[in-house]
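First comes the structure, then the notes that go with it.
The values are calculated or read from the model by the stated rules, or taken from the named source; none is laboratory data. The model shown is predicted, which means the values in this text are computed figures rather than measured ones. Please note: Cβ atoms are built from the backbone with ideal geometry, for glycine as well, and neighbour counts cover all protein chains shown.
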Amino acid sequence: MAPILEVHDVWKAFGKLQVLQGVTLSVEPGEAVAIVGENGSGKSTLLKILVGLERPDRGQVRMTGRLGYCPQALEIFEGLTVAENLIYFGAAYGLREETLREQGRFYLERFRFGQFVDTIAGKLSGGTKQKLNLALALLHAPDLVLLDEPYQGFDYETFLNFAGMLSEWRAQGKAVLTVSHLVTADLGMDRILELRDGVVHEQPATADRR
C-alpha cells in the first residue's frame with residue numbers, strides 16, 4: 001500500500017537561520033507517527049509546510065485523502081458558541097446537515113464537553129477550548145490527521161480517551177502524525193522520530209520521550 005504522506009528532502013530557512021535541512025519521512029495508512037524535538041527544533045515549521053501554510057525552500061510533499069489539521073494555536077471562533085463553531089466548520093467542510101449533527105454529537109460526547117454546547121467559546125476553560133479545537137479538526141473524518149501539541153491542557157481522563165481514539169483511527173486505516181515535546185508510551189505510537197539539527201532520526205517507540 002502506498003504511503004498516505006511522503007516528505008522528501010525538505011529544507012526551510014528563515015533569514016540566516018536554517019531550520020530544516022533535508023527532512024525525509026513517510027507515513028503509511030493505519031500508522032501513527034510522532035515527531036519530538038526541543039523547542040525551536042522546527043517541528044511546527046515542518047507541520048505548517050505539510051498543511052500548506054509555509055512553502056519549503058526546496059523538497060517535495062505528497063499526500064492523499066482528506067486532511068485534518070489541529071494546530072497548537074487555537075483555531076476557534078471565540079465569539080461563537082460551541083454549536084455555532086461546529087456548524088461553521090461543518091459548512092466549510094461541505095458536510096451535510098445530518099452528517100454534521102452526527103459527527104458533532106460524537107465528539108461532544110467522546111470528549112465530554114456536551115454540557116457546553118451553547119456556551120460562548122471564549123468563556124470555556126483552556127482545556128475545553130483544546131477539546132473543541134481538536135473536534136473541529138476531526139469533524140470531516142479525515143484520512144490523515146496532523147496534530148501539533150494536541151493534548152496540552154487535557155486532564156488525564158481526556159488524555160487516555162485521546163489515546164484510545166488514536167488506536168481506533170489506526171484500526172480504521174487512518175494515519176496520524178503528531179508533533180510534541182512529550183510523547184508517552186500510553187499513546188502507542190508505531191514510530192517516534194526526533195527532529196534534531198534539521199533532520200529526523202528514528203527513535204525507539206516503547207519508552208516515554210521527553
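Of the numbered criteria (1) under 26 Å from Pro3 (Cα atoms); (2) out of contact with any Pro (no Cβ under 7 Å at 6 or more places or on another chain), the one Gly68 fails is (2). Checked against the criterion of being in contact (Cβ under 8 Å) with a residue 12 or more places away in the chain and touching a Lys or Arg at 6+ places or on another chain (Cβ under 9 Å), the candidates Val199, Val176 yield just one match: Val176. What do you reckon, is Thr119 free of Cβ contacts under 8 Å to residues at least 60 places away in the same chain, touching a strand residue (DSSP E or B) at 6+ places or on another chain (Cβ under 7 Å) and not assigned by TED's automatic domain parsing to the domain that holds Leu187? Here the answer is yes, as Thr119 does meet what is asked. In this structure, Arg62 does not satisfy being assigned to a loop (DSSP other than H, G, I, E, B) and more than 30 Å from Gln115 (Cα to Cα). Restricting region 84-116 to residues that are crowded, with 16+ Cβ neighbours inside 10 Å and small (Gly, Ala, Ser) leaves a set whose member that is farthest from Lys131 (Cα to Cα) is Gly90.
Considering region 163-210, the residues that are among the acidic types (Asp, Glu) and closer than 22 Å to Trp11 by Cβ include one that is modelled with the lowest pLDDT, namely Glu202. Considering region 147-182, and only residues there that are more than 21 Å from Ser44 (Cα to Cα) and among the polar types (S, T, N, Q), the residue that is surrounded by the most Cβ atoms within 10 Å (Cβ to Cβ) turns out to be Thr158. Consider region 1-44 and keep the residues that are over 22 Å from Arg170 (Cα atoms) and of a type in the set (Gly, Ala, Ser). The one that is nearest to the chain's Cα centre (by Cα) is Ser44. Consider region 1-55 and keep the residues that are within 20 Å of Asp190 (Cα to Cα) and of a type in the set (Ser, Thr, Tyr). The one that is surrounded by the fewest Cβ atoms within 10 Å (Cβ to Cβ) is Thr24. Just for region 45-58: of the residues that are touching a residue at least 40 places away in the same chain (Cβ under 8 Å) and part of a loop (DSSP other than H, G, I, E, B), which one is farthest from Trp169 (Cα to Cα)? Restricting to residues being touching a residue at least 40 places away in the same chain (Cβ under 8 Å) and part of a loop (DSSP other than H, G, I, E, B), the top hit is Asp57.
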